[in-house]
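Any read-out appearing in this document is the output of simple, stated calculations on the displayed coordinates, not a laboratory observation. All of these numbers come straight from a predicted model, not from anything done at the bench. In this analysis, Cβ positions are derived from the backbone assuming ideal geometry, glycine residues included, and neighbour counts consider all displayed protein chains.
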Amino acid sequence: MNPNKALWEKGDFTRIAASMRESGEALIASLGIQPGFKVLDLGCGDGTTAVPEAKLGADVLGVDIARNLVEAGNRRAKELGLANLRIQEGDATDLVGLKDKSFDLVVSIFGAMFAPKPFDVAREMVRVTRSGGRIVMGNWIPNDPTLVAQILKISAAYTPPPPEGFISPMTWGVEAHVIERFGKAGIAQDKISFLRDTYVFNFSGTPSEMVDAFRLYYGPTMNAFEAAEKNGRAEELRKELEALFESQNKSPSKDKTSIPATFLRVTVAVR
């Protein structure tokens, strides 16, 4: 199996996505989506951003590599009565069956950044965007002090080194890499803009319970705990993550967790 597919089909990312809904809606509300827009949501999971896009009247196609998330997203669309949202299985590095210049807007919030072959990802996003359209990415930033970058950094310290040739998804959070990748796809640097933005995870439980959710349902953290258990370091990993979540929690309520995380928002104007 494609290792990326195996990673995101592991556990149940919908449990984590539930804490991301509010910020997903706020981000999409800022994109100026109009009824009738044709939107591709790449690496959409179960629809955290695809659902609000469809609620704004866009004709939305979601693509994700994980079959369980595709199924969960289509269930959500049906339950919400969103006939204008359809999610299918696919790979961001090769968007088979999607025609050139067929979308007004391509959105990928913490999705396509995790696909291998980043130059192929940039090329495919540009290929399917019409002239005058936009690409909007949300990418985590390497070594950023906020939540997700630190979860991934801590997890990496407990897992075996990646295979030779592996390109970290976090490189999508470096402006120079983004410019280089879209440049190879034919986009001039002055058509790419960057903004440091904030995404808030709102979880109905304590920081410790939120760590449990990541341990049980988030692929990268699950892998880290499996490796740590083999080395007798699982409790060490848990304590490190609990300290992180506790220190970054901004919720005034003892039984709720609210943690902001900084990300790089990339906007590409396709001509």
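Numerical summary
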| item | result |
| --- | --- |
| Residues of segment 183-193 satisfying the condition of being closer than 25 Å to ALA261 by Cα and surrounded by 15 or more Cβ atoms within 10 Å (Cβ to Cβ) | ILE192 |
| First in segment 140-151 and touching a residue at least 12 places away in the same chain (Cβ under 8 Å), second anywhere and assigned to a loop (DSSP other than H, G, I, E, B) and acidic (Asp, Glu), Cβ under 8 Å, 6 or more apart | GLN150/ASP144 |
| Enumeration of residues in segment 214-271 that are surrounded by fewer than 16 Cβ atoms within 10 Å (Cβ to Cβ), under 26 Å from ILE141 (Cβ atoms) and hydroxyl-bearing (Ser, Thr, Tyr) | SER247, SER251, THR267 |
| Yes/no for SER131 being surrounded by fewer than 20 Cβ atoms within 10 Å (Cβ to Cβ) and among the small types (Gly, Ala, Ser) | yes |
| Lone qualifier among GLY205, GLY232 - being farther than 30 Å from GLY132 by Cα, without any contact (Cβ under 8 Å) to a residue 40 or more places away in the chain and not in a helix (DSSP H, G or I) | GLY232 |
| Whichever residue in segment 51-65 is farther than 13 Å from GLY24 by Cβ and surrounded by fewer than 21 Cβ atoms within 10 Å (Cβ to Cβ) and, among such residues, is farthest from the chain's Cα centre (by Cα) | GLY57 |
| Search result, residues across segment 77-90 that are outside any loop (DSSP other than H, G, I, E, B) and surrounded by fewer than 20 Cβ atoms within 10 Å (Cβ to Cβ) | LYS78, GLU79, ARG86, GLN88, GLU89 |
